[in-house]
Amino acid sequence: MEWADGKCRCWWANPKNQRYIRYHDEEWGVPVHDDHKLLEMLILESFQAGLSWECVLNKQEAFGRAFDNFDLEAICAYGEDKIKELKENPEIIRNKLKIRAAITNARIFREIQKEYGSFSQYLWHWTEGKVIYENHLTSSPLSDAVSEDLKKRGMKFVGTTIIYAYLQAVGVIYSHEDGCFLARQVKDYILQKETNHAGI
């Protein structure tokens with residue numbers, strides 16, 4: 001496909017959706033270590049189950065407004081009144097099971113923070129802080145393991161496919177395709193940061 005700006009992108013990027021293009025170009029695959037952003041993406045990915053990511057991304061700001069800007073303590077304190085409010089909000093995906101799962105998952109997210117110091121420490125310990133480079137997959141032994149652990153802890157809507165997409169989104173797994181303009185560029189940048197961090 002030829003893009004108007006002359007850049008080649010991953011096959012899934014919709015050239016008619018500028019929001020999606022910005023997400024592909026600026027966010028997807030960039031390593032995230034901030035717990036607030038990791039919680040936001042975990043909640044959004046859980047709402048993706050059975051839907052397209054583009055559908056969820058188009059509602060990102062609405063989700064932010066509905067979920068108190070993804071404030072962890074606020075979400076953990078949600079009760080039945082807030083659940084009812086969310087179920088009646090036409091701007092988000094009004095699936096009662098997913099709404100309840102988002103609250104449950106936030107509470108478990110907080111428990112993991114207490115255990116590991118941060119959710120970032122938990123998430124990145126699976127790869128010893130390293131980025132995994134692979135594409136054309138929807139699950140892997142890594143996503144299987146993380147999914148299984150989160151399920152054991154009580155999280156919902158965290159199957160291996162959803163977790164694989166989550167790991168891609170937050171940069172644990174880097175999946176820009178070889179033909180994409182970001183494939184080499186960002187990989188080289190990450191490798192350079194890893195080298196500098198190691199003091200080489």
Item checked: Interchain or long-range residues, amide H under 5 Å from ILE173's placed H -> ILE132, GLN168
Next item on the list: Give me the percent of the accessible area of the chain that comes from carbon and sulfur atoms, probe 1.4 Å, all protein chains in place.
Entry: 50
Check: Quick one: Karplus J couplings for the stretch 17-33, per residue in order, coefficients 6.51, -1.76, 1.60, θ = phi - 60°, nearest Hz, x for Gly and Pro?
Finding: 10, 4, 4, 5, 5, 4, 4, 4, 6, 10, 10, 4, x, 7, x, 10, 10
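Calculate for the chain the 222 nm mean residue ellipticity that helices alone would give, adding -39,500 (n - 2.57) per DSSP H run of length 4 or more and normalising by residue count, nearest 500 deg cm²/dmol.
Numbers: 11 runs with 115 residues, N = 200.
Calculated from helices alone, the mean residue ellipticity at 222 nm is -17000 deg cm²/dmol.
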Next item on the list: Quote the accessible area belonging to GLU61 in square angstrom, nearest 10, computed with a 1.4 Å probe and with ligands, DNA and RNA left uncounted.
Entry: 90
Margin query: Could you identify which residue out of ARG100, ARG110, ARG65 has the top mean-square fluctuation in a GNM of the chain using Cα springs shorter than 10 Å?
Written below: ARG65
Notebook entry, point to check: Given (i) 11.8; (ii) 20.4; (iii) 15.8 as candidate values of mean projected area of the Cα convex hull in nm², which corresponds to the one derived from the coordinates?
Noted result: (i)
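The values are calculated or read from the model by the stated rules, or taken from the named source; none is laboratory data. The model shown is predicted, which means the values in this text are computed figures rather than measured ones. Ligands, DNA and RNA are stripped out before the accessible areas are found, and what is left, the full protein with its side chains, is counted by its heavy atoms. Shrake-Rupley method; radii C 1.70, N 1.55, O 1.52, S 1.80 Å.
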